[in-house]
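Participant: Quick one: the structure is below, and I'll ask about it shortly.
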Amino acid sequence: MTDLLTRYRERAERALDARLPPAATAPARLHEAMRYATLGGGKRVRACLVYAAGAALGAREEALDAPACAVELIHAYSLVHDDLPCMDDDDLRRGKPTCHKAYDEATALLVGDSLQTLAFELLAHDASLAVSPARRLEMITVLARATGSSGMAGGQAIDLASVGKKLVLNELQDMHARKTGALIRAAVQLGALAVEHADKNLIAALDHYAESVGLAFQIADDVLDVEGETGVLGKRAGADKARGKPTYATLLGPDGARTKAKALLDRALESLGPLGDNGVTLAQLARYIVERRQ
Ligand code: GRG
């Protein structure tokens, strides 16, 4: 990661820390578990996308804190629920025991619920978000659609139903566009929406970028599941394969998957053309997403 992306990551961590309920306030066990599941881990790729997209259109960093936190909270909620025994049944996440292992299943369920609602509360009320009420509503709508049954939750439903089945490339792509792509796309859109009067052509360019990056992120993740190490990944390597999940790596082979990720990276970089020098950080972020080791 470059210095600027590291700074964004650290900024997101502080912004989340300030917005999560203090662990000492009642109900203390739930609040402690929400902080456990959200803080002190995670690459903060989605928060970086919010900061970098907003900055590319001229937003102040402070005005991007609430949407950056909102997408990371939704992401943290999805990981907590995804790790539950009724879904992927994982015991390791971000290098530590999953939320239901460290606490219990009921607490983990409530942690996910509470992180999700906090995300929408931030978009509705956080004072640092300097946009009109109408724009807040637009941001809430974007995040809700990306998170719900047509987006992430819908993708997860397709994912769970496809274990042990063979998917063709288009079906796999559709599942991932919903499950991981929709939130990545929403992160970029929220960064852009934090700027009240941004140029429509630039917003369209950012959306094309986000679409390619979202898919490239998932392909990189699939390759890491096959080639990565548990100690570096902070989650169990080989988990998708062990569960018989269709992935880009199984469908195209690791080399084919890497070639596809590289082509998507090139497409993402091309999409940034209209932003000129203002797209440099987004370009660095796309490279990081494809070339990362964890
Ligand atoms: C439970 C509604 C619901 C949805 C879950 C996104 C998702 C849907 C599940 C996550 C499962 C998973 C591991 C998907 C692969 C891609 C992915 C989201 C990886 C984790 O994201 P990173 O690498 O994680 O950005 P960090 O820990 O760095 O934040």
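The values are calculated or read from the model by the stated rules, or taken from the named source; none is laboratory data. All values reported here derive from a predicted model rather than from experimental measurement. Cβ: placed from backbone, ideal geometry, glycine included. Neighbour counts: every protein chain shown. Accessible surface is based on the protein model in full, side chains and every heavy atom, while ligands, DNA and RNA are left aside. Shrake-Rupley method; radii C 1.70, N 1.55, O 1.52, S 1.80 Å.
Participant: What is the percent of Cα-Cα separations in region 136-294 that go past 28 Å? List each step's numbers first, then the result.
Facilitator: Numbers: 2855 of 12561 pairs.
Percent of Cα pairs beyond 28 Å in region 136-294: 23.
Participant: For region 210-294, count the residues as N, evaluate 2.2 N^0.38 Å, and divide the Cα radius of gyration by that value, please.
Facilitator: 1.16
Participant: Mind pulling up the Rg/Rh value for region 44-120? Radius of gyration and Kirkwood radius, both on Cα.
Facilitator: Computed over Cα atoms, the ratio is 1.09.
Participant: Over the chain, with every protein chain in place, what whole percent of the accessible area is carbon and sulfur at 1.4 Å, could you tell me?
Facilitator: 53
Participant: I need two numbers for region 19-158: Rg to one decimal and Dmax as a whole number, Cα atoms only, in Å.
Facilitator: That works out to 15.3, 44 Å for Rg and Dmax.
Participant: Could you work out the Kirkwood radius for the chain, taking every pair of different alpha carbons, averaging 1/r and inverting it, reported in Å?
Facilitator: Values: mean 1/r = 0.0523 Å⁻¹.
About 19.1 Å for the chain.
Participant: In Å², and per residue, what accessible area does the chain have when probed at 1.4 Å with the other protein chains present? Walk me through the numbers on the way to the answer.
Facilitator: Values: 12730 Å² over 294 residues.
Ligands and nucleic acids excluded, the figure is 43 Å² per residue.
Participant: Looking at region 82-212 from every direction and averaging, what is the projected area of its Cα convex hull in nm²?
Facilitator: 9.8
Participant: Quote the Stokes-Einstein diffusion coefficient, in whole µm² s⁻¹, for region 8-61, based on the Kirkwood radius over alpha carbon pairs, a temperature of 4 °C and a viscosity of 1.567 mPa s. Before the final figure, lay out the partial values.
Facilitator: Details: Rh = 12.2 Å.
The Stokes-Einstein estimate is 106 µm²/s.
Participant: So if I place +1 on the C-beta of Lys and Arg and -1 on the C-beta of Asp and Glu, and nothing else carries charge, what would the dipole magnitude of the chain be about its Cα centre? I want it in debye, nearest 20.
Facilitator: 220
Participant: Need the C-alpha centroid separation for region 27-77 versus region 116-161, integer Å.
Facilitator: 13
Participant: Quick check on the chain: helices-only [θ] at 222 nm, where DSSP H runs of length 4 and up contribute -39,500 (n - 2.57) each and the sum goes over total residues. Nearest 500, please.
Facilitator: -21500 deg cm²/dmol
Participant: Continuing with the same structure: Could you order the peptides 114-121, 70-77 from most to least packed, using the average number of other C-beta atoms within 10 Å per residue?
Facilitator: Sorting 114-121, 70-77 by mean packing, highest first, produces 70-77, 114-121.
Participant: Another question, then. Report the far tail of the P(r) of region 245-294, meaning the percent of Cα-Cα pairs longer than 17 Å.
Facilitator: On the way: 529 of 1225 pairs.
In whole percent, the share of Cα-Cα pairs in region 245-294 beyond 17 Å is 43.
Participant: On to the next question. Which stretch or stretches of region 198-216 have amide N atoms under 14 Å from the point lying 7 Å from R287's Cα along the Cα→Cβ direction?
Facilitator: none
Participant: May I ask for the Rg/Rh ratio of region 1-91, computed from Cα atoms with Rh as the Kirkwood radius, given to two decimals?
Facilitator: For region 1-91, the value is 1.02.
Participant: Output the pairs from K179/K245; K101/K241; K165/K260; K96/K262 with a Cα-Cα distance over 25 Å in this structure; if there are none, say none. Please report the intermediate quantities before stating the final value.
Facilitator: On the way: K179/K245 14 Å; K101/K241 22 Å; K165/K260 22 Å; K96/K262 31 Å.
Table pairs above 25 Å Cα-Cα are K96/K262.
Participant: Roughly what would the spin-label model give for D17 and A134, points 7 Å off Cα along C-beta, in nm?
Facilitator: 3.9
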